[in-house]
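What follows is one structure encoded as structure tokens, with my remarks underneath.
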């Protein structure tokens, strides 16, 4: 199963002047996981579609993060 959030541990060189980041996370768009758009997909109603920025629920991406630790959000399930 895929997740919309990916995390990795960035490299920290021995002479890097910045403090090391233990983990970095980013969001991937849902359209990466859809090979092609199926006909007759479920649709949001007009008001909800305008609010979420897409007509189809499978393309909804809850970015930006709503706060908290991004790594914890990506590993919850």
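Starting from the 7 Å offset along Cα-to-Cβ, what nm value, one decimal, do you get for the label separation of residue 50 and residue 22?
Output for this residue pair reads 4.4 nm.
Of the peptides 51-62, 10-21, how do they stack up when ordered by the mean number of other Cβ atoms within 10 Å, highest first? Before the final figure, lay out the partial values.
On the way: 51-62: 14.1, 10-21: 7.7.
My ranking of the peptides, most packed first, is 51-62, 10-21.
Coordinate-derived values only; no laboratory data. The structure presented is a predicted model; accordingly, all values stated were derived computationally and were not measured. Heads up, the Cβs are rebuilt from the backbone with ideal geometry, glycines too, and the neighbour counts pull from every protein chain shown.
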